[in-house]
Amino acid sequence: MKPILGIIGGSGLYTLDGLKNTKLVNIKTPYGDTSSKLHVSNYKSLKLVFLPRHGLKHTIAPHQINYRANIYALKKYGVTDIISVSAVGSLKKNHKPGDFILPDQFVDRTFNRVTTFFDEDCVAHVSLAKPTSKQLSELILKSLPKDIKVKQKGTYVAIEGPQFSTYAESKLYKSWNCDIIGMTNMPEVRLTREAEMGYVSIAMVTDYDCWHENHDAVTVDQVIDIMHKNTNKVKKLILSVLNNLNKVKSWNWNDKIYTCLNEAILTNKGDIANKTLKKLGPILRRRFSI
């Protein structure tokens with residue numbers, strides 16, 4: 001069985017080109033509405049699900065995104081792996097506007113978001129030591145068009161927003177050796193792992209954060225221009241990923257990402273309320289055979 005990819009689009013990425021027979025699917029969740037209906041398409045032998053996290057017209061701010069509903073809906077529809085696309089600021093001089101980075105670590109500085117599906121009578125502690133999918137990252141790196149370069153590792157610090165950092169905060173995150181800064185990959189990473197799905201973030205650098213001496217010289221027009229160029233490139237990259245995934249003969253379903261709840265859930269099934277089992281059905285179905 002091949003993976004079913006979910007693509008979460010960030011700032012600038014609201015649609016995907018080159019896909020046929022796209023249908024809009026409304027998935028009900030116990031957490032409310034998703035950012036938009038799911039855009040379900042077929043690409044050769046693959047099924048692809050696209051979801052713009054800010055809505056089709058960018059009307060949802062980072063701190064108002066219903067992250068639980070988004071991840072739950074993707075899981076319920078059958079998505080196995082997620083590629084997240086995000087615009088970020090750079091915390092290092094060698095990460096320049098226009099660069100692409102695949103962060104492999106995250107620091108969570110959000111403070112007003114629900115970060116788990118397990119907040120009732122089912123207790124679970126998933127490991128986030130290695131928060132991203134190695135095989136999905138390798139597929140992306142294998143699929144790079146010649147005009148696109150991607151840095152393989154980095155630390156993404158997630159802030160609450162919607163305001164950007166103060167200068168003191170920016171300097172602090174830089175002193176922590178973080179590479180990039182954004183507002184959306186947390187709690188996506190956490191929720192995706194709890195849902196036993198692979199996750200990779202393609203981070204697109206649009207500007208330097210305010211620590212940089214030339215930050216004040218950056219105009220909105222310049223940022224938007226870089227964002228548009230990055231968006232066109234990431235669309236091209238995703239199509240290349242799909243082409244390579246279509247050729248993949250086997251996928252490592254033995255990766256512990258897909259069975260991490262085996263070691264994470266502490267509560268016995270018999271002690272979990274039926275309403276909780278029903279509510280978390282798409283997430284608990286494999287673990288408890290429900």
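Worth a mention:
- Contact map, segment 34-45: first residue closer than 13 Å to residue 22 by Cβ, second residue open to solvent by 80 Å² or more (accessible area, probe 1.4 Å) and of a type outside the set (Phe, Trp, Tyr), Cβ cut-off under 6 Å, separation 6 or more or different chains; pairs are 36/56; 37/24; 37/26; 40/23; 42/21.
- Flag for residue 86 being within 26 Å of residue 178 (Cα to Cα), open to solvent by less than 10 Å² (accessible area, probe 1.4 Å) and touching a Ser or Thr at 6+ places or on another chain (Cβ under 6 Å): yes
- Selection from segment 95-127 of residues that are open to solvent by 50 Å² or more (accessible area, probe 1.4 Å) and of a type in the set (A, V, I, L, M): 114, 123
- Residue match in segment 136-148 (condition: open to solvent by less than 30 Å² (accessible area, probe 1.4 Å), under 25 Å from residue 250 (Cβ atoms) and small (Gly, Ala, Ser)): yes
- Counted residues, segment 136-174 - those being in a strand (DSSP E or B) and either at pLDDT below 95 or among the hydroxyl-bearing types (Ser, Thr, Tyr) (or both): 4
- Residue in segment 175-198 that is surrounded by fewer than 20 Cβ atoms within 10 Å (Cβ to Cβ) and either in contact with a Leu (Cβ under 6 Å, 6 or more places away or on another chain) or not in a loop (DSSP other than H, G, I, E, B) (or both) present: yes
- Some residue of segment 138-154 being touching a residue at least 60 places away in the same chain (Cβ under 8 Å) and under 13 Å from the mean Cα position of the chain (by Cα): no
- Residue 34 passes every criterion in (1) β-branched (Val, Ile, Thr); (2) touching a strand residue (DSSP E or B) at 6+ places or on another chain (Cβ under 8 Å); (3) open to solvent by 40 Å² or more (accessible area, probe 1.4 Å) apart from (3).
- Scope segment 263-284; condition open to solvent by less than 80 Å² (accessible area, probe 1.4 Å) and in a helix (DSSP H, G or I); matching residues: 264, 270, 276, 277, 279, 281, 282, 283, 284
- Odd one out for residue 129, checked against (1) part of a loop (DSSP other than H, G, I, E, B); (2) modelled with pLDDT of 95 or more; (3) more than 28 Å from residue 222 (Cα to Cα); (4) touching a Ser or Thr at 6+ places or on another chain (Cβ under 9 Å): (4)
- Filtered by the rule that a residue be touching a Pro at 6+ places or on another chain (Cβ under 9 Å) and either open to solvent by less than 30 Å² (accessible area, probe 1.4 Å) or under 30 Å from residue 114 (Cα atoms) (or both), segment 205-222 gives 205, 206, 207, 208.
- Inside segment 214-262, residues that are among the small types (Gly, Ala, Ser) and either within 21 Å of residue 46 (Cβ to Cβ) or assigned to a loop (DSSP other than H, G, I, E, B) (or both) make up a count of 2.
- Selection of segment 63-77 for residues being assigned to a helix (DSSP H, G or I) and open to solvent by 20 Å² or more (accessible area, probe 1.4 Å) yields 63, 64, 68, 75, 76, 77.
The values are calculated or read from the model by the stated rules, or taken from the named source; none is laboratory data. Being a predicted model, the structure only gives us computed values, none of them experimental. All Cβ positions, glycine included, derive from the backbone under ideal geometry; neighbour counts span all protein chains shown. Calculation scope for accessible area: heavy atoms of the full protein, side chains included, ligands and nucleic acids excluded. Shrake-Rupley method; radii C 1.70, N 1.55, O 1.52, S 1.80 Å.
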